[in-house]
Structure formats: C-alpha cells, structure tokens
C-alpha cells in the first residue's frame, strides 16, 4: 500500500471519511458522480462501492484489487446478498443496513474467528445519494489482520 503523505491520518477509514466529507460539499451526502475513488490513490485498492439499485438488488459495483486478493474473490458485479454468505464479507461489511437507516457514515472495529484464527478488522461505510435523500450507493473500506 502507498503510504499517505507525511502528517496525514494513517487509518484508511478516516481518510475515506475525510474524502467523503470534502466531496459532499455541504450536502447531506455526496452523489456517486462526485466520488472518484482513485482521488484517494493510497486506499482505492482497499475500497468497495455498492450500487443499491442493481438489476437484482444491491450489488458490488467495484471491489478493490487488494480486497479481492485478501477475500479470495472479486465481488464486482456480485449481488450483496450473495457476497454476505462469505464470513469475511458479512463480518466486515454486514453492518451496511445501519448506514441505510441513518443515512450517515458508520464505522465498526471488532474481531471474529475464522478457521480458528482471530481476525481483527476496521471498516467504514458511507452513503451517497443522487437526490440528497435516498441512499443509492454505498462506498467503504475495510482492512483487517488475522492472527495465528
């Protein structure tokens, strides 16, 4: 991962939140057209975008290459419901409904066990809206560490 500029926040969750706050430009939520995740090059490979209005319901529009490597699958184009069957996805992104309900960013950090190993994670999911009311996209980032 590319290191952030000197003096910049190290945690990806806070960097994405800061970017989201800038691009919303005083609105309750930015529109997805205002978001260019490559504007945050040091974390975009660790980010995801969920289209809440996919053809078959919510689906991943983008799933960063580092997430795909770590999760063992690129979930781009996969319905969210199907992706949530994966323990890692469910534990690190499964709280997305809190964002839909509150229309506010939500971050979680916790731990769970997978294959008998402890996994600690930190995730954030942020809402986007084309009309500043309905959430039509979610953007987020997650990182974690598995301990033997």
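Would you mind getting me the FRET efficiency between residue 104 and residue 82? Use the beta-carbon distance for r and R0 = 25 Å, nearest 0.05. Intermediate values should be presented prior to the final figure.
Working: r = 26 Å, r/R0 = 1.05.
It comes out at approximately 0.40.
Which value, in Å to one decimal place, does the Kirkwood hydrodynamic radius take for the chain when every pair of different Cα atoms is included? Please list the in-between numbers first.
Numbers: mean 1/r = 0.0646 Å⁻¹.
Radius from the Kirkwood sum: 15.5 Å.
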If each part is reduced to its alpha-carbon centroid, the stretch 28-64 and the stretch 96-137 end up apart, in Å, by 13 Å
Value of [θ]222 nm, deg cm²/dmol, for the chain, DSSP H segments ≥ 4, -39500 (n - 2.57) each, nearest 500
-6500 deg cm²/dmol
Fully extended, how many nm does the chain gain between residue 145 and residue 74 (0.36 nm per residue separation, minus their Cα-Cα distance)?
23.7 nm
Which one of 46, 133, 14 has the biggest mean-square fluctuation once the chain is modelled by GNM with Cα springs under 10 Å?
133
Computed E for residue 11/residue 132 - FRET, C-beta separation, R0 30 angstrom, nearest 0.05
0.65
Among 60, 48, 112, which one shows the biggest mean-square fluctuation in a GNM of the chain, springs joining Cα atoms closer than 10 Å?
112
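Since every read-out is calculated from the coordinates, none of them should be taken as a lab result. These numbers were taken from a predicted model, which means no experiment stands behind them. Every residue, glycine as well, gets a Cβ built from its backbone with ideal geometry; the counts of neighbours run over all protein chains shown.
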